[in-house]
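The values are calculated or read from the model by the stated rules, or taken from the named source; none is laboratory data. These figures come from a predicted structure and were not determined experimentally. Every residue, glycine as well, gets a Cβ built from its backbone with ideal geometry; the counts of neighbours run over all protein chains shown.
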Amino acid sequence: MWAEEVRVPRPGTSGAAFLGWALLGAGVGAGLGLGIPGGLFVALALVLVGGLLVVRQGLRPAQLGVVTGLAALPFALAWLNRRGPGPFCSGGVTGASACVVQSNPWPYVLVGVALVVVGVVLFVRTRRV
């Protein structure tokens with residue numbers, strides 16, 4: 001076997017690494033945008049972990065999974081506004097109702113799909129180089 005025939009995968013090009021970075025991006029997006037108690041601290045901790053990994057490992061194609069993971073935020077916002085656009089009233093057990101005005105969910109869906117597509121396409125393209 002000649003040396004030209006041996007193919008060694010480059011570090012940071014596996015699908016599992018991409019999914020790991022996508023989970024990190026989803027955690028950052030959820031922490032920053034969904035109003036979870038302590039979410040800002042979770043997001044900052046995840047950004048710190050991601051930064052430490054980048055400093056330790058260097059730039060790798062799988063790190064583009066963060067872009068795909070950030071799509072979790074617009075998808076979650078679309079789900080929260082799924083009955084929009086317009087007012088939505090829900091009745092409680094006691095007969096009282098609560099009304100909220102919801103926005104159109106489709107712009108959030110489009111942004112989420114765009115982030116997923118951009119992240120995956122960039123990962124596949126940089127993985128081949």
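Go through (1) farther than 19 Å from Thr13 by Cα; (2) touching a Ser or Thr at 6+ places or on another chain (Cβ under 9 Å); (3) surrounded by 13 or more Cβ atoms within 10 Å (Cβ to Cβ) and name the single condition Leu64 misses.
The failed condition is (1).
Residue-wise test of (1) assigned to a helix (DSSP H, G or I); (2) touching a strand residue (DSSP E or B) at 6+ places or on another chain (Cβ under 8 Å); (3) in contact (Cβ under 8 Å) with a residue 24 or more places away in the chain; (4) not small (Gly, Ala, Ser).
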| site | (1), (2), (3), (4) |
| --- | --- |
| Leu24 | yes, no, yes, yes |
| Pro37 | no, no, no, yes |
| Arg56 | yes, no, no, yes |
| Ala62 | yes, no, yes, no |
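Hey, could you check the stretch 1-22 for residues that are under 24 Å from Leu115 (Cα atoms) and in a helix (DSSP H, G or I) and say which is modelled with the highest pLDDT?
Of all residues in the stretch 1-22, those under 24 Å from Leu115 (Cα atoms) come to 11-22.
Filter again for in a helix (DSSP H, G or I), leaving 15-22.
Working: Gly15: 80, Ala16: 83, Ala17: 84, Phe18: 87, Leu19: 88, Gly20: 87, Trp21: 88, Ala22: 91.
Of everything passing the filter in the stretch 1-22, Ala22 is modelled with the highest pLDDT.
Quick grid of which residues meet (1) among the small types (Gly, Ala, Ser); (2) at pLDDT 90 or above:
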residue	(1), (2)
Leu46	no, no
Gln57	no, no
Gly69	yes, yes
Trp79	no, no
Pro87	no, no
Val93	no, no
Ala96	yes, no
Asn104	no, yes
Val118	no, yes
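Considering only the stretch 15-26, state which residues are under 17 Å from Phe75 (Cβ atoms) and surrounded by fewer than 21 Cβ atoms within 10 Å (Cβ to Cβ).
From the stretch 15-26, those under 17 Å from Phe75 (Cβ atoms) are 19, 22-26; that's our starting set.
Scanning the stretch 15-26 gives Leu19, Leu23, Leu24.
I'd like to check something: does the stretch 74-97 contain any residue that is within 30 Å of Thr13 (Cβ to Cβ), part of a loop (DSSP other than H, G, I, E, B) and out of contact with any strand residue (DSSP E or B) (no Cβ under 6 Å at 6 or more places or on another chain)?
In the first step, residues of the stretch 74-97 are kept if they are within 30 Å of Thr13 (Cβ to Cβ); the result is 74-76.
Restricting the remaining residues to those that are part of a loop (DSSP other than H, G, I, E, B) gives none.
No: the stretch 74-97 contains no residue that is within 30 Å of Thr13 (Cβ to Cβ), part of a loop (DSSP other than H, G, I, E, B) and out of contact with any strand residue (DSSP E or B) (no Cβ under 6 Å at 6 or more places or on another chain).
Mind listing just one residue for me: the one in the stretch 82-112 that is surrounded by 14 or more Cβ atoms within 10 Å (Cβ to Cβ) and out of contact with any helix residue (DSSP H, G or I) (no Cβ under 6 Å at 6 or more places or on another chain) and, of those, farthest from Ala62 (Cα to Cα)? Let's see the steps before the verdict.
Just the residues of the stretch 82-112 that are surrounded by 14 or more Cβ atoms within 10 Å (Cβ to Cβ), to begin with: 84, 88, 102-103, 105, 108-109, 111-112.
This time we only want the ones that are out of contact with any helix residue (DSSP H, G or I) (no Cβ under 6 Å at 6 or more places or on another chain), so: 84, 88, 102-103.
Details: Gly84: 36, Phe88: 41, Gln102: 36, Ser103: 34 Å.
Filtering the stretch 82-112 for residues that are surrounded by 14 or more Cβ atoms within 10 Å (Cβ to Cβ) and out of contact with any helix residue (DSSP H, G or I) (no Cβ under 6 Å at 6 or more places or on another chain), the one farthest from Ala62 (Cα to Cα) comes out as Phe88.
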